[in-house]
Amino acid sequence: MNSRKRALTSIGHEEPDRVPLDLPYTIKRSFFSKLERKIGLKSLDEIARKFGVDFRHVSMEPSGKFKEDASFDFERGWIRWLSADTFEDEWGIKRTLGSTGEFARFVYHPLADWESVDEYDFPDVEAGGRFDKAERDVELWKDDYVLTGMMQMTLFEQAWYLRGFTRFVSDLYRNEGFANKLLDRLLKFRLEEGTRYAELGVDVVCLGDDIGAQTGLLFSMGMWRKYLKERMRTLIHALKLRGCIISYHSDGVVEPLLKDLIEIGVDMIDPVQPECNNLERIKSTYGRRLVLHGTISHQRIMPYGTEEDVVNMVRDRIDRLGEGGGLIIAPYDLTPDIPVENLLSLYKAVQTYGTY
């Protein structure tokens, strides 16, 4: 059973030859450097092949025009440096690096002081160069792997990136016209982007917005249903008509959302943080309708546990969540505090104990 067949079997809630594996969505540069020094891997594709990963990720890039005076950053993609420590993306959102150079904070939101969305010049999905690399990657990987089109920061996150978090959340309560107009413009953009992914032939589209905190949602279910649910339903329906599988990403607590997410067509949830979600309850309640992607402890075991702790965690996930398929083991956001040995142990443990 090759990687593509293995992953699609599990997504279809049947048991493949072993539990499928995926790469993390983000890897910090310093962790990648440690991995390179430890085992000599120099690219994400080398990492994926070394660890038996069953998925490959493809992404839309900025326009060719933006890339003319931008540069590619391993963590942040294509950005334009404005000074030694400050950069902006194609949307005009600016960030400044912290003291270690590893993380960045927002310093400018383009719509922070605007009274109307109409004057903002949204990026053009049809601009040249956006999907050139994605097209090559799909052609290279389509026969062997499940392909995921990355479309995180779908609506809510991209909205507050443009407006500022406090300002946009205030808009949801006090400036509904602005909030609705901005979300509608973003929905149009995502529909166009998702259509291109579907035309390229990706299998999974990963949507999502970080709307969960450690102890609950960032805002009420009522607000999520008012502003985001139907827009997400529209986007998901359009993608599923074109044959795409839908993954939804949110850090933090997601259990209150799951029934609604299933209702609007979500097939897979990521990363299902075990520190703030009851994995066994989610599996028993939704396991025939929802694929669990992730399930790895990044707050405790990956950074602070031993290699034995990592192996025991993987075995626990397989034993409690693997029956009947619908489980994909995937680390998330490899940060500098995670020992390389723990990542190696995670992938090896799935290879060793993940067979059905």
Using θ = phi - 60° and the Karplus curve 6.51 cos²θ - 1.76 cosθ + 1.60, what whole-Hz ³J(HN,Hα) does each residue of the stretch 176-189 get, with Gly and Pro shown as x? 4, x, 5, 4, 5, 5, 5, 5, 5, 5, 5, 4, 4, 4
Sequence order, the stretch 238-243: Karplus ³J(HN,Hα) from phi using 6.51 cos²θ - 1.76 cosθ + 1.60, θ = phi - 60°, Hz rounded, Gly and Pro as x, gives 4, 6, 6, 4, 8, x
Calculated from backbone phi, Karplus (6.51, -1.76, 1.60) coupling profile of the stretch 208-215 in Hz, x at Gly/Pro: x, 9, 6, 10, x, 9, 5, 10
Once you charge only the Cβ atoms, +1 for Lys and Arg and -1 for Asp and Glu, what is the size of the charge dipole of the chain about its Cα centre, to the nearest 20 debye? 500 debye
In what order do 117, 202 fall by count of nearby beta-carbon atoms within 10 Å, going from fewest to most? 117, 202
Estimated inter-spin distance, residue 315 and residue 262, nm [label 7 Å along Cα→Cβ]: 3.1 nm
Post the alpha-carbon centroid distance, the stretch 90-111 to the stretch 135-199, in whole angstrom. 19 Å
Among 168, 128, 148 - extreme Cα towards positive end, dipole of the stretch 105-177, charges at beta-carbon: 168
If you count the DSSP beta bridges with both ends in the chain, what percent of them are antiparallel, to the nearest 5? 35 percent
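Relative contact order of the chain, please, whole-number percent, based on alpha carbon pairs below 8 angstrom and at least 6 residues apart. Intermediate results must be reported in sequence, preceding the final value.
Values: 611 pairs, mean separation 79.7, N = 356.
Answer for the chain is 22 percent.
Treat the count of other C-beta atoms within 10 Å as a stand-in for reagent exposure and order 309, 337 from fewest to most.
Working: 309 16, 337 12.
Starting with the residue having the fewest Cβ neighbours, the order is 337, 309.
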Hand me the GluC sites (Glu not before Pro) from the stretch 49-100 located in a DSSP loop with no more than 11 other Cβ atoms within 10 Å, in residue order please. 68
Given the peptides 19-27, 266-274, arrange them by the average over their residues of other C-beta atoms within 10 Å, most packed first. 266-274, 19-27
Taking amide H atoms as placed 1.01 Å from N in the peptide plane, list the residues 5 or more away in sequence, or in a different chain, whose amide H sits under 5 Å from that of residue 245. 204, 205
Gap separating the Cα centres of the stretch 330-350 and the stretch 226-292, nearest whole Å: 25 Å
If you build the convex hull over the alpha carbons only and average its shadow over all orientations, what do you get for the chain? Give it in nm² to one decimal. 17.1 nm²
Ranked 165, 72, 31, criterion: other C-beta atoms within 10 Å, fewest first: 72, 165, 31
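Since every read-out is calculated from the coordinates, none of them should be taken as a lab result. Bear in mind the structure is a predicted one, so any value in this text is a computation, not a measurement. Here Cβ is always computed from backbone atoms with ideal geometry, including for glycine, and neighbour counts include all displayed protein chains.
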